[in-house]
Amino acid sequence: MKINDYLKEEFVKSGLISKEEGLDYLSKANNEDRLLHDYLINTLKFNKDTVLTLVGKIFNIPYYEGFNIYNLDNGLASSFNKMFIIQKRIVPFKKDDNNEYIIVLIDNPFSLDEVSKIRYYTALKYKVYLIDSKDMDSLIFTIDNKSKREEAADKFKKEEGYTDEDEKVERLEDFVDGPSVQLADTLLKEALNEKASDIHIEPMEDKVRVRFRVDGVLKEHATIDAKNYQSLISRYKIMSRLDIAERRVPQDGKINFNYNGIEYDFRVSTLPIQYGEKIVIRLYNSLDSGESLEDIIHDKEDYNDINELISSPHGIILLTGPTGSGKTTTLYSVLKRLNNVGVNIITVEDPVENDISGINQLQVNNKVDLTFARSLRSILRQDPNIIMVGEIRDSETAHIAVQAAITGHLVLSSVHTNDALTTITRLIDMGVEPYLVSDALLGAISQRLVRRLCPKCKKEHIVTHEESMFLDDVKEGDIIYEARGCESCNYSGYNGRIAVFEILKMNDVLRRAVANSYEDIEKIRSLAHENNFKEINVKASKLVKEGLISLDEYKSIINVVEVMENKKRHHEHAKTTTSSNENYIN
């Protein structure tokens, strides 16, 4: 492609790439029939802002740095010919803040020759900006899917015999090839496109609200005519093998869905509420393509600590944290790291959330008494090296897991506690003897997910005296950052999430303390601190200091009063210990 030859010369002149790299990258981009700048960004992972700013200067087209798909003006886009948008990859994105002109987006500088054709659809002035090809793909997908959703709604209106709710449920052919199929599939695809973790479909008095959870926050995505709601719910029930006639009790199911050649799992939960059934769909990628440990763990020290723990041949490692804190993602990433042909890995889960090639995964089934404990007993007769138990919920499962760890297996699991230290007392409360906990436990990992500050708009904040009291290594007058909001982050001030870890690694000193003084949690805490244990408030405080998260996000996962009390108790305990040691020496 001639444009790639020109881009290569300009990239070499600018110093972005060397002459030798230019020849290599040009050949590979041409072989894949891709624009050179797209190859640099999406294959070689060059910085998108840097490359597109340079391309914009080369072609005198400004780079649209603040792109966010949520700012698409759907009404404006729908007033243009859809096929023109899709085929030419020219998108009328939105009007400027003063409604003086249309912002038009392209991803190929040569599309500039075609932009003038938008005058067929509007008399408004326009300005053209450059975006990345992946952002353009998302835009075109959103426009196309919204059009399909509207088409499905129109088909519903034209259908006859849809006035009686019971009649709709009985007409199963409508849920095999009809508007409900199109509407249901469209919502699933839109959620995947927007990287949502959950879909909430909520019937109200006069409409049905659809919300997507993105980066931990629910955002309204669409509204659906209440007349179409029952057909949509019934379609999802059929897809997840639930009873479409049962509307009085909650139901749980699973949808397998193929999108762009990738298999996805959706967990479906229905709940009878005032105006019908609310349905929540949780999204999972069922392929072995989840995040790696490197993607999940920001802090290098945390990464090294977790790698050290999972390198042990036997013992038990426990993860803890509230629902939605990313425990399952971390567990799967660990399994992927450990997965190789030389080890036998077996999991017992409720439910199996991701299928990983090469790992034997078992789903519990309480209806036939296939519980965690019973499954775990059977697994031990299958010659495993590594066992993952989705969750330790009861005394029997805890005992078997600990015994497996002691007898030469590496066991990974999760428990519900507030922090890493209390996983010790939780096992003991479940009836596991302290000396067994001491012997089996390799470490405990507590984690939370917090929203990452938008790097494009975060603003400075001067730390007050009060704030410095509950932040670690941050002094009054220091500069930290807080959320502001811009187009790039949809005016939320945040973009993506980051995991915060609290990692307790057991050693001989802590093992003796657990075996002999397990009731004195403050003593164990003090000994852990002496062995470089850092509680989650310290880790979160570091992210605040680095400008990655805001003070508000810090407070969202930290009980400030509890942090202050723990600091005071730890200080007093350390003072008492020092005094006792001095008296002993004297």
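From the residues in region 246-272 that are of a type in the set (Gly, Ala, Ser) and outside any loop (DSSP other than H, G, I, E, B), which one is nearest to the chain's Cα centre (by Cα)?
Within region 246-272, the match that is nearest to the chain's Cα centre (by Cα) is Ser269.
Does region 36-56 hold any residues that are surrounded by fewer than 21 Cβ atoms within 10 Å (Cβ to Cβ) and either touching a strand residue (DSSP E or B) at 6+ places or on another chain (Cβ under 8 Å) or assigned to a loop (DSSP other than H, G, I, E, B) (or both), and which are they?
Thr43, Leu44, Lys45, Phe46, Asn47, Asp49, Thr53, Gly56
Every residue, every condition in (1) farther than 22 Å from Asp265 by Cα; (2) hydroxyl-bearing (Ser, Thr, Tyr); (3) modelled with pLDDT of 90 or more; (4) in a loop (DSSP other than H, G, I, E, B), yes or no:
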residue: Lys195; (1), (2), (3), (4): no, no, no, yes
residue: His200; (1), (2), (3), (4): no, no, yes, no
residue: Arg209; (1), (2), (3), (4): yes, no, yes, no
residue: Ile224; (1), (2), (3), (4): yes, no, no, no
residue: Lys227; (1), (2), (3), (4): yes, no, no, no
residue: Ser231; (1), (2), (3), (4): no, yes, no, no
residue: Lys237; (1), (2), (3), (4): no, no, yes, no
residue: Ile244; (1), (2), (3), (4): no, no, no, yes
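What is the residue count in region 78-102 for residues that are at negative phi, part of a loop (DSSP other than H, G, I, E, B) and under 33 Å from the mean Cα position of the chain (by Cα)?
Looking only at that region, the number is 2.
Would region 260-276 turn up any residue that is under 27 Å from Ile143 (Cα atoms), open to solvent by less than 70 Å² (accessible area, probe 1.4 Å), among the β-branched types (Val, Ile, Thr) and modelled with pLDDT of 90 or more?
yes
Please find, within region 352-403, the residue that is surrounded by the fewest Cβ atoms within 10 Å (Cβ to Cβ) out of those that are in a loop (DSSP other than H, G, I, E, B) and among the small types (Gly, Ala, Ser).
The qualifying residue surrounded by the fewest Cβ atoms within 10 Å (Cβ to Cβ) is Ser357.
Please go through region 4-32 and pick out each residue that is open to solvent by less than 60 Å² (accessible area, probe 1.4 Å) and more than 37 Å from the chain's Cα centre (by Cα).
Glu10, Val12
Could you grab me the full set of residues in region 533-563 that are open to solvent by 70 Å² or more (accessible area, probe 1.4 Å) and at pLDDT below 90?
Once the filter is applied, which keeps residues that are open to solvent by 70 Å² or more (accessible area, probe 1.4 Å) and at pLDDT below 90, region 533-563 yields Ser556, Asn559, Val561, Glu562.
When the residues of region 57-77 are filtered to those that are out of contact with any helix residue (DSSP H, G or I) (no Cβ under 8 Å at 6 or more places or on another chain) and in a helix (DSSP H, G or I), which remaining residue is most open to solvent (accessible area, probe 1.4 Å)?
Only one residue tops the list, namely Lys57.
Return the only residue of Val509, Val500, Val514 being of a type outside the set (Lys, Arg), modelled with pLDDT of 90 or more and more than 20 Å from Glu308 (Cα to Cα).
Only one candidate passes the filter, namely Val514.
Restricting to region 404-432, and then to whatever is in a helix (DSSP H, G or I) and of a type in the set (A, V, I, L, M, F, W, C), can you tell me which residue is surrounded by the most Cβ atoms within 10 Å (Cβ to Cβ)?
Within region 404-432, the match that is surrounded by the most Cβ atoms within 10 Å (Cβ to Cβ) is Leu427.
List the number of the failed condition for Leu318; all other conditions in (1) buried (at least 19 other Cβ atoms within 10 Å of the Cβ); (2) over 22 Å from Lys539 (Cβ atoms); (3) more than 20 Å from the chain's Cα centre (by Cα) hold.
Every listed condition holds for Leu318 apart from (2).
Just to be sure before I move on: is Ala373 in contact with a helix residue (DSSP H, G or I) (Cβ under 9 Å, 6 or more places away or on another chain), among the small types (Gly, Ala, Ser) and within 25 Å of Leu527 (Cα to Cα) in the structure I sent?
Judged against the criteria, Ala373 is not a match.
The values are calculated or read from the model by the stated rules, or taken from the named source; none is laboratory data. Just so we're clear, the structure is a prediction, and the values are computed from it rather than from any experiment. Cβ: placed from backbone, ideal geometry, glycine included. Neighbour counts: every protein chain shown. Each accessible area value is taken on the protein alone, full model and side chains, heavy atoms only, with ligands, DNA and RNA left out. Shrake-Rupley method; radii C 1.70, N 1.55, O 1.52, S 1.80 Å.
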